[in-house]
Amino acid sequence: MTRQVPEPLLGLNGLSIAFGGLRAVQDVSLDVMPGTLTALIGPNGAGKTTLFALMSGFLQPDSGSVRFNGADITGRAPHLNARAGMTRTFQIVQPFAAQTVRENIAVGAHLHEPRRAAALAAAEAVAQRVGLAPQLDKPAADLTVAGRKRLELARALATKPKLLLLDEVLAGLNPQEIAEMIPVVRSIADSGVTVLMIEHVMQAVMNLASHVWVLAQGQLIASGTPGEVTSDPQVIEAYLGPGAAARLQGAHLQGARSQGGHLQGTHLQGDGA
Amino acid sequence: MKRDLAAIVLFTAVVLGVTATADSGVVLTFVMMTLYATLMAQAWNMLGGYGGQFSFGHALFFGTGAYVQAMAQLNLGLNAWLALALAVVVAAGVGLFVGALTFRYGLKGSYFALVTLAFAEVFRIIAVSVGFTGGGVGLMLPLQESFANLQFSSRRGYIMLVLGFVVAALGVTAWLRHSRFGAQLQAVRDNEDAARAIGVDPWRVKLGAITLSGGFMGAAGAFYVQVFQYIDPSIAFGPHTSVEALVAAIVGGMGTLWGPVLGALVLHLLADLTRNLFGQLPGLNMVIYGTVLVVIVMFLPRGLSGVGRSVRDAWRGRK
Amino acid sequence: MLEFGILFPSVLNGLTTGAVYALIALGLTLIYGVLHIINFAHGASLMVALYAVYLLKQHLGIDPYLALPIVVPGMFALGYGLQRYIINRASHGRDENILLVTLGISIVLENLALMFFKSDTRSIETPYTLTTVAIGPAMISLPKLVAFAGALVTSALLLWVVTRTDLGRAIRAVAKEKHGAKLMGIDVDHVYAMCFGIGLACLGAAACFLLPAYYVNPQVGNGFVLVAFTIVVLGGMGSFVGALVGGLLIGVVESVGGLFLGESLGQIGIFVIFIAVLLFRPQGLFGAKA
């Protein structure tokens, strides 16, 4: 039996876009394999959300291509990509404020389900999965930040995506909320959905992702397992500034001598807007 | 959905009951004019309340329906009922055209409102300048009372006609509240980008809404012609009509099933009241409409039905 | 029709009307550029100013040009009050609400005028109403020439205020970055109201220049609203140069269009331009891409 090399579900090739003089994304290429849970990290302003917008069709690239599920979808409209199985969430949550949680999720369910009753039922099921069941009949505007994040996730999930692009689904959550959300994301991935997440919460990235890409100033500067990437000096410098890697190396050696502490588990923030 | 349908049946029964038992011409005229205003408000509500696209030139569709109704009978010799069907279809078609053009280019908010205003003005100018529309003088329908001719000797006949349209509009609005299309339309209204991300095509959905809205508004225009046997460019395409439709919908509560009914009723009561108190002063009606609009937007942005909802929510302890 | 002797006066007339259009549009574009409000009440406000000028002449015998020091501050006060106490309060921060409130105000103003003045068209008579001046083959009425000059002077004045005065600096700061301006101690509500007031004051000036050559009735505002919006959109929302150039351009288009298509149909040309610009180049000639 021939060993088949699996096709990437999502393939970016030389993707670039500039806004005026600002080169937001420069020549980014990466492959997301089906069935994986991967992460895209990088300091604030690195271009991660812009990259999501390019992937999902909200922005047209200046050059480069996006392939999804074997087809070239470069610049294709977002709703068509959603129908093909690629759904994204937003960094700044966008609920349908005037509607209830159930109705919100139902819009996602309606992508594949034309009947109203079935869509509402599907919405209820999805709400159960993400822990929103008690809030089903609340207006979306009444939810807390954590609730809205779950709603964003639920709505995307209801579209039965092949690829789920999660943009900072943990941002703004307190540690307990994060701890509650992580298993939800894992269970989604376990159910067969390929997940690519933009995240700042390193705890989640280390816990969940099998592969990490690092974006800084629009360019891909590292790609590998979470462990590899977080010890990459280039990555450290992207977050903490030039010379930081060397300093940390020095401190690391000192710390290793005294108590063996290391970087894993810290919350790496970007170095500015 | 069942609750909405039951409410619609109840509403119809009440109106029929009042129509059948009322003796006075004043009451019957009031019912007829209120239903007529309701129809216009419902049409606007489909696009504005449920679709989130505020049209300031809805008279565009009204006038189209009116002129088609008149010209089909006068110039083409068509039967009044056929003309009515044609009027609705053509008005819907104009909605489709304007929507296809404006939504394709992503016009929304104030720009959309302005464009609808411009289109209404263009049609008005054309109606004034072109010969076969009767020019500035307008068109008159000869008096020929008969059922086949859609002209009734008593108000009752007209009430049945407009009631038919109002019930149809109620049905369509209820459908918007409980269907996939309606859910997608409201999603686009509430957050277009989020809707796109989960598979909704905003252009198609808005197009559907403006077509429906245009068709019903055209029906109102055709109805006007049958009742008053007259149409001219300023009634057909003028700001008065556009404003009446939108104020009633907003005052009653945009994006609700009964808002337009409530709004039309309240505004008409108000208009009648002021007429009784101050006499028939030209412009007084509109001053009141405008003031009510500003007051409602300032203090009751969800309209009068919003008041009902807030009270109900408080009662249920939700707030 | 294309004879110079006919075309030239038409163009000149178009320019004189266009200058007044430009003044009207300047107020509108200022309001939009700073407050990001599309002021639907602009036409009705012009109508109010025109009636004010009319009444001052009919009942107090004050010549329109001499009425400037009365009407302009009066309109400024009206604008300030409207923005500060009604529009600001009603908006709750939402654009659609502002849209509706300015629409409501325009309805109220227009119909109050209808109630008090009936729908008669009125005009005034001054010793110079019928005077004409010869420019080449064209005979241009004097009031129109004065309107042209007056509009340009007022526009220049407005530009001076916005670029050279402290108020102008505050206005530009608020337009660019509202929150930052607030943090700098600028009273944003006050600046907004000042802007709206200035926008309406422009209408006051325009009315003084307009009435001797024109007329007033309650619906006159409607005619100007769409033209003003067309100019603002054509020139680019928030662009002063755009409003000036656009105004002159539209004035000429209307005049020459009327020459070829007759007055009513000539008006359609303006709206067609309007729709076309909104669809194909919404940022206009000089505006920034939204």
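The values are calculated or read from the model by the stated rules, or taken from the named source; none is laboratory data. Here the structure is a predicted model, which means the values were calculated and not measured. All Cβ positions, glycine included, derive from the backbone under ideal geometry; neighbour counts span all protein chains shown.
Considering every residue within segment B:227-241, establish whether at least one is assigned to a helix (DSSP H, G or I) and touching a strand residue (DSSP E or B) at 6+ places or on another chain (Cβ under 9 Å).
Within segment B:227-241, one or more residues are assigned to a helix (DSSP H, G or I) and touching a strand residue (DSSP E or B) at 6+ places or on another chain (Cβ under 9 Å).
Go through (1) of a type in the set (G, A, S); (2) surrounded by 19 or more Cβ atoms within 10 Å (Cβ to Cβ); (3) within 22 Å of A:L208 (Cα to Cα) and name the single condition A:A24 misses.
(3)
Please tell me if B:L143 is touching a residue at least 60 places away in the same chain (Cβ under 8 Å) and part of a helix (DSSP H, G or I).
In short, no.
Grab the helices (runs of 4 or more DSSP H) fully contained in segment C:191-282, keeping just those with 3 or more residues being touching a residue at least 40 places away in the same chain (Cβ under 8 Å) and away from every other protein chain (no Cβ under 14 Å).
Result: C:240-261.
Based on what the data block shows, is B:G134 of a type outside the set (F, W, Y), more than 23 Å from the chain's Cα centre (by Cα), more than 14 Å from chain C (Cβ to nearest Cβ) and at positive phi?
For B:G134, the condition - of a type outside the set (F, W, Y), more than 23 Å from the chain's Cα centre (by Cα), more than 14 Å from chain C (Cβ to nearest Cβ) and at positive phi - is met.
Out of all the residues in segment A:1-20, which are touching a residue at least 40 places away in the same chain (Cβ under 8 Å) and surrounded by fewer than 21 Cβ atoms within 10 Å (Cβ to Cβ)?
A:E7, A:P8, A:G11, A:N13, A:G14, A:S16, A:A18
Mind telling me which of the residues C:L82, C:L103 ends up being within 11 Å of chain B (Cβ to nearest Cβ), surrounded by fewer than 24 Cβ atoms within 10 Å (Cβ to Cβ) and within 18 Å of the chain's Cα centre (by Cα)?
Result of the check over C:L82, C:L103: C:L82.
Here's a check for you: in segment A:193-224, which residue that is part of a strand (DSSP E or B) and among the polar types (S, T, N, Q) is farthest from the chain's Cα centre (by Cα)?
Per the stated criteria, the residue is A:Q219.
Can you pull out the residues in segment C:1-43 that are β-branched (V, I, T) and closer than 13 Å to C:T230 by Cα?
Residues satisfying the conditions are C:I24, C:T29, C:I38.
If you scan segment B:146-160, which residues turn out to be surrounded by fewer than 21 Cβ atoms within 10 Å (Cβ to Cβ) and touching a residue at least 40 places away in the same chain (Cβ under 8 Å)?
Within segment B:146-160, B:A148, B:N149, B:Q151, B:S154, B:R155, B:R156, B:M160 qualify.
Between residues in segment B:276-302 that are more than 9 Å from chain C (Cβ to nearest Cβ) and residues that are assigned to a helix (DSSP H, G or I), which pairs lie under 8 Å by C-beta distance while being six or more apart or on different chains?
As it stands, the answer is B:F278/B:L284; B:L300/B:G306; B:L300/B:V307; B:R302/B:R309; B:R302/B:S310, since those pairs meet every condition given.
Looking only at segment B:267-284, which residues are part of a loop (DSSP other than H, G, I, E, B) and either farther than 18 Å from C:L112 by Cα or in contact with a helix residue (DSSP H, G or I) (Cβ under 9 Å, 6 or more places away or on another chain) (or both)?
B:L281, B:P282, B:G283
How many of the residues in segment A:15-51 are more than 22 Å from A:V235 (Cβ to Cβ) and either modelled with pLDDT of 95 or more or not hydrophobic (A, V, I, L, M, F, W, C) (or both)?
Residues that pass the stated criteria total 4.
Residues are listed down the side, and each one gets a yes or a no for (1) within 11 Å of another protein chain (Cβ to nearest Cβ); (2) closer than 21 Å to A:P34 by Cα; (3) in a loop (DSSP other than H, G, I, E, B):
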position: A:I92; (1), (2), (3): yes, no, yes
position: A:V107; (1), (2), (3): yes, no, no
position: A:G147; (1), (2), (3): no, no, no
position: A:K160; (1), (2), (3): yes, yes, yes
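List every residue pair whose Cβ atoms sit under 6 Å apart, with the two residues 6 or more apart in sequence or on different chains, where the first one lies in segment C:106-117 and is within 7 Å of chain B (Cβ to nearest Cβ) and the second, anywhere, is modelled with pLDDT under 90 and surrounded by fewer than 19 Cβ atoms within 10 Å (Cβ to Cβ).
Between residues of segment C:106-117 that are within 7 Å of chain B (Cβ to nearest Cβ) and residues that are modelled with pLDDT under 90 and surrounded by fewer than 19 Cβ atoms within 10 Å (Cβ to Cβ), the close pairs are C:L114/B:P282; C:M115/B:L281.
Checking the conditions here, which among A:R115, A:R129 is more than 7 Å from chain B (Cβ to nearest Cβ), of a type outside the set (A, V, I, L, M, F, W, C) and within 24 Å of the chain's Cα centre (by Cα)?
A:R129
Yes/no per residue for (1) within 21 Å of the chain's Cα centre (by Cα); (2) surrounded by fewer than 20 Cβ atoms within 10 Å (Cβ to Cβ); (3) at pLDDT below 95:
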| residue | (1), (2), (3) |
| --- | --- |
| B:S234 | yes, yes, yes |
| B:L246 | yes, no, yes |
| B:P282 | no, yes, yes |
| B:V287 | yes, no, yes |
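In segment B:113-121, is there at least one residue being assigned to a helix (DSSP H, G or I), more than 14 Å from chain C (Cβ to nearest Cβ) and within 21 Å of B:A236 (Cα to Cα)?
Taking every residue of segment B:113-121 in turn, none turns out to be assigned to a helix (DSSP H, G or I), more than 14 Å from chain C (Cβ to nearest Cβ) and within 21 Å of B:A236 (Cα to Cα).
Condition check ((1) farther than 15 Å from C:I198 by Cα; (2) surrounded by fewer than 16 Cβ atoms within 10 Å (Cβ to Cβ)) across all residues:
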{"site": "C:A149", "(1), (2)": "yes, yes"}
{"site": "C:W160", "(1), (2)": "no, yes"}
{"site": "C:D166", "(1), (2)": "no, yes"}
{"site": "C:R169", "(1), (2)": "no, yes"}
{"site": "C:A173", "(1), (2)": "yes, no"}
{"site": "C:K178", "(1), (2)": "yes, no"}
{"site": "C:L183", "(1), (2)": "yes, yes"}
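Any residue in segment A:160-173 that is out of contact with any strand residue (DSSP E or B) (no Cβ under 7 Å at 6 or more places or on another chain), under 23 Å from A:L111 (Cα atoms) and among the small types (G, A, S)?
No, segment A:160-173 has no match at all.
Among (1) surrounded by fewer than 21 Cβ atoms within 10 Å (Cβ to Cβ); (2) within 14 Å of the chain's Cα centre (by Cα); (3) more than 17 Å from A:L164 (Cβ to Cβ), which single condition is A:A189 missing?
Checking A:A189 against (1) surrounded by fewer than 21 Cβ atoms within 10 Å (Cβ to Cβ); (2) within 14 Å of the chain's Cα centre (by Cα); (3) more than 17 Å from A:L164 (Cβ to Cβ), the one that fails is (3).
Condition check: away from chain B (no Cβ under 12 Å), crowded, with 24+ Cβ neighbours inside 10 Å and either out of contact with any Lys or Arg (no Cβ under 7 Å at 6 or more places or on another chain) or over 24 Å from A:A154 (Cβ atoms) (or both). Does A:I41 satisfy that?
yes
Output the residues belonging to segment A:64-88 that are over 24 Å from A:A39 (Cβ atoms), more than 9 Å from chain B (Cβ to nearest Cβ) and surrounded by 20 or more Cβ atoms within 10 Å (Cβ to Cβ).
Correct list: empty.
Among the residues of segment C:185-227, count how many are buried (at least 20 other Cβ atoms within 10 Å of the Cβ), β-branched (V, I, T) and over 23 Å from C:F271 (Cα atoms).
Residues that pass the stated criteria total 2.
For the subset of segment C:27-55 comprising residues that are away from every other protein chain (no Cβ under 12 Å) and either in contact with an Asp or Glu (Cβ under 6 Å, 6 or more places away or on another chain) or of a type in the set (G, A, S) (or both), which member is surrounded by the fewest Cβ atoms within 10 Å (Cβ to Cβ)?
Looking at the filtered set, the residue picked out is C:A52.
From the list A:R67, A:R76, A:R83, A:R23, which residue is charged (D, E, K, R), in contact (Cβ under 8 Å) with a residue 12 or more places away in the chain and in a helix (DSSP H, G or I)?
The unique qualifying residue is A:R83.
Kindly indicate which of B:A127, B:A113, B:A194 is of a type in the set (G, A, S), surrounded by 16 or more Cβ atoms within 10 Å (Cβ to Cβ), in contact with a Ser or Thr (Cβ under 8 Å, 6 or more places away or on another chain) and free of Cβ contacts under 8 Å to residues at least 60 places away in the same chain.
It is B:A113.
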